[in-house]
Amino acid sequence: MKRHTLLAVTFIAAALVVSSAQGQGQGRGGGGGGSSTAYLLKPAAVFDGETMHEGWAVAVRGSRIEAVGPAASIAAPAGAETIDLPGTTLMPGMIEAHSHVLLHAYNETPWNDQVLKEPEALRVARAVNHLRATVEAGFTTIRDLGTEGAGYADVGLKQAVNQGIIPGPRMLVVTKAIVATGTYAPKGFSTEWTMPQGAEEADGQTLVKVVRDQAGHGADWIKVYGDYRAGPNGETMPTFSQEEMSLIVTTARSIGRPVVVHSSTPEGMRRAVMAGAETIEHGDGGTAEIFKLMADRGVALCPTLAAGDATTQYGGWKKGVDPEPAGIRRKRDSFALALSQGVTIASGSDVGVFPHGDNARELELMVAYGMTPAKALAAATSVNARVLHLENQIGRVAQGLQADLVVVTGDPTKDIAATKRVQLVLKAGTIVKRVK
Ligand SMILES: [Zn+2]
């Protein structure tokens with residue numbers, strides 16, 4: 001990412017070091033006594049975040065990767081447990097760049113009912129399960145993009161994970177997210193009632209206060225809805241003006257928070273890019289010109305392919321039986337156009353629309369829509385780490401980085417579905433899932 005501020009990098013990197021240190025101190029089953037755990041992991045191959053290496057091994061000591069390379073050259077750390085993993089690939093812990101742990105699948109309960117009828121305690125209880133499912137699926141870091149009516153609950157959940165109270169991935173959070181007044185949802189109720197909204201409304205100069213307030217409550221990123229179904233007939237139209245969008249980014253950036261913008265219209269995307277947003281979510285209506293602008297400005301796209309795939313099926317599409325609906329074909333074309341213009345693709349699925357722990361659907365769809373498996377794996381590891389300013393901590397299997405590692409059966413660079421066959425997960429050197 002070309003346009004980040006140094007301040008943002010420093011802030012997030014510092015936060016991550018603190019959280020991993022806490023996680024290490026209170027990890028489960030660590031044996032105690034202050035002696036650090038160590039492992040020698042011997043898979044068939046290592047995907048390092050960019051390429052495959054047959055016959056490599058990885059040494060882990062404490063929270064970090066001590067060594068990685070050809071198995072014959074890697075000595076077991078003193079007191080290490082050697083884990084033979086034949087037929088597997090070891091890769092970096094996957095990163096989900098667009099989740100909603102406070103939502104559950106929309107075919108279980110519609111979004112409106114989740115926001116209006118489910119008490120926050122119920123939603124937090126579900127989220128505890130969602131976080132466990134996520135990390136056990138090999139996603140060791142998430143950027144959670146809005147609580148959708150559950151206030152600042154993401155901040156408390158992040159603390160619970162960092163303090164070792166519940167298992168879960170590293171979390172970057174945005175708290176309530178920001179929408180322009182009157183543009184968001186729930187909508188369509190009697191005009192006598194003021195309905196609670198799924199995000200915080202703000203406009204004009206008030207945006208300065210709301211950005212700072214959300215950051216003060218713990219937002220690592222500032223999430224903004226740059227367009228929504230706000231047109232006179234429910235058409236998706238840009239919400240914030242260019243001036244408002246620029247005010248948001250300037251305010252956020254000066255306190256070290258990058259900005260992520262939900263947008264799917266060309267004009268909404270253009271305003272976000274020109275303001276200095278770092279990632280754009282969905283992007284369905286992107287034109288060649290807009291995608292080129294994103295590529296030139298180093299703005300990443302989170303295509304959230306899995307969300308549309310899920311909601312279209314909830315709407316009655318029998319995938320694999322019925323022909324592909326127009327919406328799915330448009331999304332395929334849009335994704336192909338973004339790839340052709342050289343846009344950085346971040347792997348973000350909008351999980352919460354569909355079940356947590358199924359995050360790898362996004363990787364499968366990126367491949368189904370034209371990416372190579374190796375590029376999709378990179379998007380979910382090394383590329384996402386860079387986009388989230390965490391590349392000095394996670395996202396690659398490299399000496400000195402955090403030992404966030406996933407071992408899957410088979411070769412995911414040939415068969416992306418291997419990412420669903422998780423055998424072993426380590427987060428900061430602590431085993432969080434082990435099959436058999
Ligand atoms: Zn979302």
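Taking the residues in the stretch 77-111 that are buried (at least 16 other Cβ atoms within 10 Å of the Cβ) and over 23 Å from the mean Cα position of the chain (by Cα) as candidates, determine which candidate is nearest to residue 399 (Cα to Cα).
Only one residue tops the list, namely 77.
Condition (residue is under 20 Å from residue 377 (Cβ atoms), at pLDDT 95 or above, within 16 Å of the ligand (Cβ to nearest atom) and in contact with a helix residue (DSSP H, G or I) (Cβ under 9 Å, 6 or more places away or on another chain)) applied to the stretch 48-60: is it met by at least one residue?
Looking through the stretch 48-60, none of the residues is under 20 Å from residue 377 (Cβ atoms), at pLDDT 95 or above, within 16 Å of the ligand (Cβ to nearest atom) and in contact with a helix residue (DSSP H, G or I) (Cβ under 9 Å, 6 or more places away or on another chain).
Does the stretch 134-148 contain any residue that is more than 30 Å from residue 173 (Cβ to Cβ) and among the small types (Gly, Ala, Ser)?
no
Restricting the stretch 58-73 to residues that are of a type in the set (A, V, I, L, M) and farther than 21 Å from residue 395 by Cβ, which is surrounded by the most Cβ atoms within 10 Å (Cβ to Cβ)?
71
For the stretch 221-236, state whether one or more residues are away from the ligand (no atom under 16 Å from the Cβ), in contact (Cβ under 8 Å) with a residue 24 or more places away in the chain and not hydrophobic (A, V, I, L, M, F, W, C).
No, the stretch 221-236 contains no residue that is away from the ligand (no atom under 16 Å from the Cβ), in contact (Cβ under 8 Å) with a residue 24 or more places away in the chain and not hydrophobic (A, V, I, L, M, F, W, C).
Answer yes if at least one residue in the stretch 127-143 is within 16 Å of the ligand (Cβ to nearest atom), assigned to a loop (DSSP other than H, G, I, E, B) and aliphatic (A, V, I, L, M), and no otherwise. Before the answer, list the steps.
Residues of the stretch 127-143 that are within 16 Å of the ligand (Cβ to nearest atom), as a first pass: 127, 130, 134, 139, 142-143.
Going one step further and asking which of them are assigned to a loop (DSSP other than H, G, I, E, B), we end up with none.
So far as the stretch 127-143 goes, no, none of its residues is within 16 Å of the ligand (Cβ to nearest atom), assigned to a loop (DSSP other than H, G, I, E, B) and aliphatic (A, V, I, L, M).
Got at least one residue in the stretch 226-249 being among the small types (Gly, Ala, Ser) and under 22 Å from the mean Cα position of the chain (by Cα)?
Yes, the stretch 226-249 has at least one match.
With the condition kept exactly as written, say whether any residue in the stretch 97-118 is within 24 Å of residue 413 (Cα to Cα) and acidic (Asp, Glu).
Within the stretch 97-118 (the criterion being within 24 Å of residue 413 (Cα to Cα) and acidic (Asp, Glu)), the answer is no, since none of the residues qualifies.
Name, by its number, the condition in (1) closer than 27 Å to residue 104 by Cα; (2) of a type in the set (A, V, I, L, M, F, W, C); (3) in a loop (DSSP other than H, G, I, E, B) that does not hold for residue 379.
Going through (1) closer than 27 Å to residue 104 by Cα; (2) of a type in the set (A, V, I, L, M, F, W, C); (3) in a loop (DSSP other than H, G, I, E, B) one by one, residue 379 breaks only (3).
Return the pairs, sorted by first residue and then second, in which the second residue is among the charged types (D, E, K, R) and not in a strand (DSSP E or B), the first residue lies in the stretch 423-436 and is on the phi > 0 side of the Ramachandran plot and touching a residue at least 24 places away in the same chain (Cβ under 8 Å), the beta carbons are less than 7 Å apart, and the residues are 6+ apart or on different chains.
428/404
For residue 154, indicate whether it is at pLDDT 95 or above, assigned to a helix (DSSP H, G or I) and under 22 Å from residue 427 (Cα atoms).
In short, yes.
So, residue 327, is that one assigned to a loop (DSSP other than H, G, I, E, B), modelled with pLDDT of 95 or more and either surrounded by fewer than 23 Cβ atoms within 10 Å (Cβ to Cβ) or within 13 Å of the ligand (Cβ to nearest atom) (or both) or not? Walk me through it before giving the result.
Details: assigned to a loop (DSSP other than H, G, I, E, B): no; modelled with pLDDT of 95 or more: yes; either surrounded by fewer than 23 Cβ atoms within 10 Å (Cβ to Cβ) or within 13 Å of the ligand (Cβ to nearest atom) (or both): yes.
No, not satisfied.
Name the single residue, out of those in the stretch 397-435 being surrounded by fewer than 22 Cβ atoms within 10 Å (Cβ to Cβ) and among the basic types (Lys, Arg), that is nearest to the chain's Cα centre (by Cα).
Looking at the filtered set, the residue picked out is 420.
Is there any pair with a first residue in the stretch 369-398 that is at positive phi and a second that is among the aromatic types (Phe, Trp, Tyr) whose Cβ atoms are under 8 Å apart and which are 6 or more apart or on different chains, and what are they?
Partner pairs satisfying both residue conditions: 370/335.
For residues in the stretch 252-275 being closer than 18 Å to residue 215 by Cα and part of a loop (DSSP other than H, G, I, E, B), which is nearest to the ligand (Cβ to nearest atom)?
258
Going through 143, 132 one at a time, which residue ends up being at pLDDT 95 or above, buried (at least 23 other Cβ atoms within 10 Å of the Cβ) and under 30 Å from residue 41 (Cβ atoms)?
From the options 143, 132, the qualifying one is 143.
Output the residue which, of all residues in the stretch 368-379 that are surrounded by fewer than 18 Cβ atoms within 10 Å (Cβ to Cβ) and under 14 Å from residue 303 (Cα atoms), is nearest to the ligand (Cβ to nearest atom).
368
Return the pairs, sorted by first residue and then second, in which the second residue is among the hydroxyl-bearing types (Ser, Thr, Tyr) and outside any loop (DSSP other than H, G, I, E, B), the first residue lies in the stretch 351-367 and is more than 22 Å from residue 432 (Cα to Cα) and within 16 Å of the ligand (Cβ to nearest atom), the beta carbons are less than 8 Å apart, and the residues are 6+ apart or on different chains.
Matching pairs, first to second residue: 353/311.
Hey, among the residues in the stretch 79-124 that are in a helix (DSSP H, G or I) and within 16 Å of the ligand (Cβ to nearest atom), which one's nearest to residue 346 (Cα to Cα)?
111
Look through 199, 185 and report the one residue that is closer than 22 Å to residue 105 by Cα, of a type in the set (Gly, Ala, Ser), surrounded by fewer than 23 Cβ atoms within 10 Å (Cβ to Cβ) and within 15 Å of the ligand (Cβ to nearest atom).
185
Every residue in the stretch 304-321 that is of a type in the set (A, V, I, L, M, F, W, C), buried (at least 17 other Cβ atoms within 10 Å of the Cβ) and assigned to a loop (DSSP other than H, G, I, E, B), please.
Correct list: 317 only.
Would you confirm whether or not the stretch 289-303 contains a residue that is under 30 Å from residue 109 (Cα atoms) and either away from the ligand (no atom under 15 Å from the Cβ) or part of a helix (DSSP H, G or I) (or both)?
The answer is no; no qualifying residue exists.
Does at least one position in the stretch 333-340 carry a residue that is assigned to a helix (DSSP H, G or I), touching a residue at least 60 places away in the same chain (Cβ under 8 Å) and of a type in the set (D, E, K, R)?
no
The values are calculated or read from the model by the stated rules, or taken from the named source; none is laboratory data. Keep in mind it's a predicted model, so treat the numbers as computed, not measured. Positions of Cβ are backbone-derived with ideal geometry, glycine not excepted, and every protein chain shown enters the neighbour counts.
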